[in-house]
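Visitor: Sharing a structure below in C-alpha cells format, with a few things to ask.
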Amino acid sequence: MAGSQKEPFSVPSCTDPILAARLEAIKQLASGSSDRVAVLDRDFNVIYANESAWSEDASRLSDHSAKCYEAFAHRNDPCGTCPATKMYESPDVRSVACSSGGDGTACGMHQAFPLVSSSGEVESVLVLFKAPPKPAKQTSGERVVVKYGSKLGELIGSSAPMREVLDMIRLVADSSATVLIQGESGTGKELVAKTIHRTSYRRDKPFVVVDCGSLPETLLESELFGHVKGAFTGAHASKRGLFEEADSGTIFLDEIADTTATFQAKLLRVLQEGEIRPVGGTQRIKIDARVISATNKNLSELVKAKTFRQDLYYRLAVLPLYLPPLRERREDIPLLVEHFVAGSCKRHRQTLRTISPEVMQALTETSWPGNVRELQHYIERTVVTTTGPTLACKDLVALDSVAKDGDLRSATRGVVTQTERPRIVDALKKTGGNRSRAAKLLKISRASLYNKLRSYHIQ
C-alpha cells in the first residue's frame, strides 16, 4: 500500500464478514496501483475507488453522494444500458464487459465482477476500468500506462475471457486473501495458482500443492496439519504438516469439493484463526500461508445441496476466479499450439516444426473436452509420432482422434476437402490435364490421384 497517496473514498464499515473481507482485500490490492479499480453497490454508489480511478474533476464530488455515472461517465443520470446490472439479476453471471460505457459518455468500464455476500446475494460489483487515453503531450511526472500482452508467466491467451483471467491475476496477486479457482478439468487451474504465487511478493517462498481428492480424510488431516509422535498407529515420529511447509508462501488445495464435512470444519477453523493444531497435539502453531483452492465442480450448487459448508465456501472465495474452457476461447488455440509444438520439439530434441494452415484450422475447430491438457497431450503425441519439418493434415489423420466424438477427425477431413481439391484442379491446369505429370507435381502416386479425382468428382 502507498500510505502517502490520498484516495477520495475508502471502504466503509460492513456488517457482512465476507463482503468486508473482500472489500478490504481489494483495497489492499488497488491502493497505489496504476490500474483503475472501483467497487459499486446496487444503487451505483462508489463504495471504493483507488486514486488512479478518479479524474481530476472528481474530487469535487461529495464523499457520501458519489455515483459511478457522475464520477466516471460525467452524467447526471445512470447509463441505461450498463451491463453491470445483469449481475444483480442472475447469480450465474460471472463477469460482464462494456464496450461503449452505456448510452452516454463512456465510463471506461473494461470488466466487472460480482461480489457475493455470506447470504449468497450479489451486493456489489468490482469494476476494472480501461486505462485513460494517453495525452498528446506528456510530462515526466505523468503516469505511463503499460499495456499487457497475451502471456503472463506460463499462461497464454489473447481472447477476451483470458484477458479477464490475466487482469484478475494481476489484481489479486499481491493480496493475502484466499482465492477460489473454478473451471473444468484440464483448463489449467494449478497453473493459474502457480502464476498467482509467482506474481506475488511470496514468489520466493514455498508453493505447496495438495490434491484433496486423492487422500482419505484421516491422511488428509495429518498431511495438512502434521502429527505428533504416537498420535496414531504408525506415527513413530512427529511430522510437520503441509501448512507449516507452506509458511510465508502459498498452499494450493486442489479438488477442494471432494473433502468431507468433518475436514471442512477443521479447515474453516484454520482460515478463521490463522493457526493449526497437529493431529494428537495440544499446542497450536501460527501459520502465514496464503490459501488458493480449486475445483471443477460448482461449489455454489454444492452449498445449496448442503454437501459443502456455506461458511467455508465464502471464506475460500474471497477472491473468486473462473477459468473458461478451451471451447470458449478458440482464438487462443493457435497460440497454445505453437507454444506446445515448440516445447515438445525441444523436449524430444527435434527440429522445430512448422504448422500448416490446414492443421491449425483443424485444431482450432475441434471441441477439446479435456481442454488445454488434452490439446497439449495431443500435440506431444503428434510431434513424437510423426516426421518431417511441417505438421500436415495427414499427420493428424494418421493419429486416432483424442476426442471420442471424432471432432478432430471430422474437422481435419473437412479442411482437407476444402484445400486439397483446389490444389488438384490447379495441378491439372498447369499440366494441361496430364494426370501422370499432375501426380508428380502433387507428389502423390497416380493411383492416389485417380482415387482423389473420383472422390472430389473431378472430370
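Visitor: Which order, highest average first, do 303-313, 428-438, 116-126 follow once you tally other Cβ atoms within 10 Å for each residue and take the mean per peptide?
Guide: Top to bottom by mean Cβ count within 10 Å: 116-126, 303-313, 428-438.
Visitor: Note the full-extension length gain between residue 76 and residue 430 as 0.36 nm times their separation in residues minus their Cα-Cα distance, in nm to one decimal. Intermediate results must be reported in sequence, preceding the final value.
Guide: Details: separation 354, 0.36 × 354 = 127.44 nm, distance 6.94 nm.
Roughly 120.5 nm would be gained on extension.
Visitor: Something else: Using alpha carbon centroids, what distance separates region 246-303 and region 169-189, in Å?
Guide: Spelled out, the Cα-based centre of one part sits 16 Å from the other.
Where a number appears in this text, it was derived from the coordinates with a stated rule and is not lab data. Since the model is a prediction, treat every value here as computed from it, not as a measurement. Cβ coordinates were reconstructed from backbone atoms using ideal geometry, including for glycine residues, and neighbour counts include every protein chain displayed.
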